[in-house]
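Read-outs: derived from the displayed coordinates by stated rules, not from any lab. Computed from a predicted model, the values in this text were never measured in an experiment. Cβ sites come from the backbone with ideal geometry, for glycine too, and all protein chains shown count toward neighbours.
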Amino acid sequence: MAEKVKSPAEVMKLLPQEDCGECGCDSCFEFALKLVERTTTVDKCPKLKKSALKKIKNMLAPPMAEISFGSGDKMVTTGGEEVMHREELAFFGKTIIAYDVWDTMSEERLVERVNDIASMSFVRFKVQYNVDAIAIRSVSGDPTKFKNTVKKVADTTDLPIILCSLDPKVLKAGAKVLKGKKPLLYAATKDNWEKVLEIAKEYETAVAIFSPLDLDMLGSIAATFAREGINDLILDPGTFCEPDSITETLSNISLLRRACVKAGVKEVSYPVMTVPAVASMSFKNKKMAAHYENYLANLFVTKGVNLMILHFPEIWEFMPVVYLREGIFKHPKLESAIDPDLYAFNDPDEMSPLMVTSNYTLTYGIVSGDLDRYRVKCWMLVIDTNALSVDTAVGSGDFCADNIVEHMEEFDVESKIKHRILIIPRVAAEILPELREALPDWKVVLGPKDSSEIATFLTEEWEKLLAEEGAA
Amino acid sequence: MVKVKLKKKGEEEAQATPSSGEGKEILDMIAGLNRLMKKVESIRGIDLEFDEIILEGVMPPYELLSKLLSAAPPAVGAPAPAAAAEVAEAPKPAIKLEEFKLTPPIETHPGAFAEVVLGATRDEGGTRAFTLKIGGNNTPPYYRFEGGLPHRPVIAHIVFDEDPGLSKLLREQYGDVVEDPAAWAKKLVDVYGAKAITLDLNSTDPKGTNRSAEEAAQTLREVLDAVDVPVGIVVRSGNMAKDVEVVEACAKEAKGENLFITSTSLVLPTWVGVELDDEVLQYYDIAKEYGHTIVSYQPMNAQGLAWLNKTAINKEIPTSKIMTDPGMVGVGYGTELVVTTMDTVVNKALIGDENFQPPIIAAPCNAWLNREAWNKFEEWGSEIERGTSFECATAAAALASGAHMLVMLNQRAIEMTEALLDKIYLTKLTDTRSVMRHLPKNDCKKCGYNTCQEMAEALLKGEAEVEKCEQMTPAGIRTLKRLLNPEGVKPDPAEIANWVVEV
Ligand code: SF4
Ligand code: SF4
């Protein structure tokens with residue numbers, strides 16, 4: 001039985017015991033704790049001897065292999081899981097999201113679709129989210145056609161590429177084009193594994209092993225590839241989406257994960273992938289199919305699947321999957337609050353509006369997203385509310401007049417800003433009287449209820465407010 | 001200098017890929033010869049024992065040619081060419097496939113979720129036409145390798161007792177009934193086939209419309225009279241004293257109906273050992289007295305939920321009269337924390353801790369509280385599709401984490417969910433509406449029927465073949481056929497083998 005979570009005491013024995021703090025922790029023990037929960041990395045301690053470093057690395061190696069494909073800064077990595085459920089520690093092998101193109105598309109359509117996929121993105125909490133990889137399917141079965149398609153795709157984007165065909169000749173034609181770019185071959189099966197192994201060796205690729213409903217064969221092929229030196233492997237137990245078979249797929253995902261992290265079965269200790277794109281086989285109506293694909297994708301993300309190939313590059317489908325993924329794969333210990341500060345948005349000057357909000361990650365993320373999106377020039381004072389949202393913090397007393405005044409002093413607001421108008425969120429209306437009392441020189445006004453309305457609010461009100469102040 | 005190698009089947013290939021000049025010519029020539037040999041092979045129907053000819057290094061064309069000729073195709077029936085032994089390196093041993101047999105890592109779980117019944121029929125002291133059963137599983141969600149899935153999750157369709165400010169998509173569905181909760185409930189059952197209704201009494205908020213407890217009970221009465229499916233209520237006045245009043249008036253009015261009652265204002269964040277407010281205890285007493293099911297509500301707080309459940313159990317309310325609500329939120333707004341809470345609840349329930357065994361009710365309709373579900377913002381694509389995709393994504397997270405009951409709002413998301421559940425639970429379709437979920441709803445008449453509805457009726461009577469519908473894919477046809485007649489359905493690898501080429 002594999003250990004559920006590793007012991008910090010064991011790691012501690014191998015550390016220098018100097019408590020020097022250079023790793024960013026107060027003590028070696030704290031560093032050991034953080035290593036075990038994987039919120040720091042072992043190279044942060046400069047005093048470790050090589051042998052100890054190696055030992056710690058071995059000791060902490062997660063049961064599931066960590067794999068990568070692609071090259072350069074777009075390279076993707078996944079796997080490295082060590083628990084069944086997020087509650088036990090965290091999920092680490094964030095789902096790589098790929099969309100497909102195929103070799104029977106006209107060149108024009110191909111380039112267009114690749115560009116659509118590569119440019120599909122949205123910004124949330126200052127992070128831009130994009131598609132991670134692109135899958136090229138050989139529909140024609142013709143190696144030359146495939147080769148040309150792969151060439152075109154590689155010329156158009158530097159996203160990591162998944163080559164999809166069960167015919168080794170086709171895979172080889174594609175791999176040849178991507179020499180040095182480490183594509184993922186999809187897939188090795190019980191019928192073609194020998195040839196695929198040759199290609200993987202020759203072109204140093206990653207390999208997906210596809211063995212629908214036969215997990216013994218899945219493990220057999222994986223073990224064979226590992227023995228032959230191919231370690232970037234990912235398992236596809238088959239994505240079924242029809243009656244009953246879909247249940248089998250969901251079950252197999254959990255079965256493989258448990259065999260890996262709980263039972264320590266080496267042969268299947270690799271990341272797991274699914275192909276929600278199969279949903280498109282169920283419906284002629286594209287919207288229905290896209291919604292079904294979205295449904296499957298979100299079931300799989302919740303189950304911690306490490307790679308998915310999707311078919312409908314629709315932003316309204318991409319967004320919820322990524323929203324969920326970012327949450328599921330967030331380390332609970334890293335769910336930190338935002339540092340309190342006076343934040344500047346879009347180059348404000350001393351006469352730009354001043355607003356205040358809480359340091360709850362989600363609140364700040366949403367507000368800052370809106371300010372960026374609508375290019376609002378302003379100052380945002382983020383106060384420490386113990387990471388509670390504004391309305392909860394009003395209730396708990398953390399979003400109160402005294403706290404706001406303290407932060408204004410700490411960040412020297414009065415000298416950075418010339419006007420004396422402070423806008424507070426509408427949900428904090430009940431602190432208005434005490435805040436006005438605490439800030440006699442300031443005009444405190446209620447802003448809009450939702451931060452998406454800030455831009456409109458300021459366009460309509462700000463000049464008026466400034467004029468009133470000037471008059472006074 | 002140079003040599004030519006004849007590659008044997010299964011043998012590893014050597015590297016030699018000149019891309020230009022003389023080497024390139026030779027390569028082209030070999031490729032031509034390879035094709036020729038293949039041709040010979042196919043025409044004569046013989047096995048040449050060589051997959052292809054591979055070039056190593058560079059070699060003048062004539063020399064190459066002579067070598068190649070020496071490896072000319074043998075006559076039919078001849079043994080493997082002797083020439084091969086001269087030019088080819090000794091064949092490497094074939095790569096052996098590792099043997100492996102996966103023993104399913106089955107764990108035994110001493111505990112199981114309680115079974116909860118929703119509603120009560122006339123025999124049971126209520127007036128519902130039927131009851132529904134949820135929970136009862138003794139394995140984690142969809143771990144089929146460990147055991148079965150006893151009851152299909154139930155979706156309760158939500159009705160608001162005053163307009164909550166419906167978005168465009170929802171207005172299309174409920175715009176005509178938004179002023180009348182009873183009509184709304186009736187539409188959900190008659191038009192959309194709801195099997196359970198939950199009435200949200202948001203108008204009782206003293207800071208809002210502040211409707212009285214009696215008015216709330218009256219609304220509930222109208223809903224109970226309008227529909228005959230199991231009914232629940234959500235009381236969230238934001239005020240503990242008011243919530244108790246509302247719960248009491250409603251519980252009394254619906255005596256014996258076995259409502260499922262959620263009150264979100266009664267329980268502030270709570271932890272094991274915290275003394276609960278009198279109002280909470282009153283709520284338990286009321287529910288028990290009038291024969292209803294209580295819902296413990298604690299957002300993202302498994303221990304708090306267990307404590308509430310324990311308090312109820314101590315008051316001799318059985319786990320079959322309690323549900324657990326972990327406070328579902330839309331994806332991107334902390335869904336993962338709810339998922340984690342549900343993981344804890346599932347783990348503890350299966351270990352055998354009674355306080356975690358009441359089944360889980362989750363409300364993906366909360367996805368609508370977030371702007372992504374309705375905001376008109378061009379860069380995010382159609383807000384109509386987003387409203388559905390965000391609610392579906394949230395429902396998917398809830399189901400994958402083991403929810404036994406969902407509270408949902410948007411009919412498109414509900415239909416997607418029911419269709420998925422049909423497939424996961426291999427539910428035999430017995431009524432027109434469920435068959436319709438799996439038909440294209442184009443009313444194109446190509447099947448010979450005027451509408452998909454007529455086709456659905458004919459399918460149920462066994463008078464039509466699913467294949468007659470021209471708007472379905474083979475997988476869609478297979479799906480519907482199986483759901484009409486689920487006996488003996490087994491997963492078949494052929495269902496997906498063609499994904500690479502077919503999509
Ligand atoms: S840097 Fe190394 S020696 Fe110093 S406290 Fe950290 S772990 Fe200990
Ligand atoms: S052919 Fe299909 S889509 Fe058209 S009416 Fe008949 S059942 Fe409906």
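Structural descriptor for the stretch B:295-449: relative contact order 20 percent, calculated from alpha carbon pairs under 8 angstrom and at least 6 residues apart.
Positive end of the dipole of the protein assembly as shown (Cβ unit charges, origin at the Cα centre): among B:VAL234, B:PRO326, A:ALA175, the Cα lying farthest that way belongs to A:ALA175. Within 9 Å, Cβ to Cβ, of B:TYR283, how many net charges do the neighbouring residues add up to if Lys/Arg are +1 and Asp/Glu are -1? Residues near B:TYR283 contribute -4 overall. The helix-based estimate of mean residue ellipticity at 222 nm for the protein assembly as shown, built from -39,500 (n - 2.57) per DSSP H run of four or more residues and divided by its residue count, is -12000 deg cm²/dmol to the nearest 500. Averaged over the residues of B:422-432, the number of partner chain Cβ atoms lying within 10 Å of the residue Cβ comes to 3. Going Cα to Cα from A:LYS6, which aspartates and glutamates come in below 16 Å? Please leave out same-chain ones fewer than 8 positions away. Within the straight-line cut-off, A:LYS6 pairs with A:GLU30, A:GLU37, A:GLU81, A:GLU82, A:GLU87, A:GLU88. Overall, the anisotropy analysis places the stretch B:228-379 in the oblate class: the square-rooted eigenvalues a ≥ b ≥ c of its C-alpha gyration tensor yield a/c not less than 1.5, with a/b not exceeding b/c. Taking the fewest neighbouring Cβ atoms within 10 Å as the starting point, the ordered list for A:THR224, B:THR335 is A:THR224, B:THR335. Describe numerically, in nm with one decimal, the distance between label points set 7 Å from Cα along Cα→Cβ at B:ALA241 and at B:THR108. In this crude label model, B:ALA241 to B:THR108 measures out at 5.5 nm. Taking the centroid of alpha carbons for each part, the stretch A:143-216 and the stretch B:217-292 are 59 Å apart.
Answer rounded, prolate or oblate for the protein assembly as shown, using the Cα gyration tensor with square roots of eigenvalues a ≥ b ≥ c: rounded when a/c is under 1.5, else prolate when a/b is larger than b/c, else oblate.
prolate
Note on A:288-295: average number of Cβ atoms from other chains within 10 Å of each residue's Cβ is 6. A simple charge model with +1 on the Cβ of Lys and Arg, -1 on the Cβ of Asp and Glu and nothing else charged puts the dipole of the stretch A:66-328 at about 380 debye relative to its Cα centre. Oblate is the label for the stretch B:159-258, because the ratio a/c of its alpha-carbon gyration tensor axes (a ≥ b ≥ c) is 1.5 or higher and a/b is not greater than b/c. The residue among A:PHE92, A:MET75, A:PRO16 whose Cα reaches farthest toward the positive pole of the charge dipole of the stretch A:15-106, with charges on the beta-carbon of Lys, Arg, Asp and Glu, is A:PRO16. Derived from the Cα gyration tensor, the three semi-axes of the equivalent ellipsoid of chain A are 48, 30, 19 Å, largest first.
Sparsely packed loop sites in the stretch A:1-69 (the trypsin sites (Lys or Arg not before Pro) outside DSSP H, G, I, E and B with at most 14 other Cβ atoms within 10 Å) comprise A:LYS4, A:LYS47, A:LYS49. Counting charges near A:ARG420 (Lys, Arg +1; Asp, Glu -1) among other residues having Cβ under 10 Å from its Cβ returns a value of -1.
Put in line by how crowded their Cβ is, counting other Cβ atoms within 10 Å and starting with the fewest, B:LYS252, A:LYS418 read A:LYS418, B:LYS252. Summing +1 for each Lys or Arg and -1 for each Asp or Glu among the other residues whose beta-carbon sits under 13 angstrom from that of A:THR189 gives -3.
The phi-based Karplus calculation (6.51 cos²θ - 1.76 cosθ + 1.60; θ = phi - 60°) puts the 3J(HN,Hα) values of the stretch B:167-179 at 6, 4, 4, 6, 5, 4, 7, 10, x, 7, 10, 5, 8 Hz, whole numbers, x for Gly and Pro.
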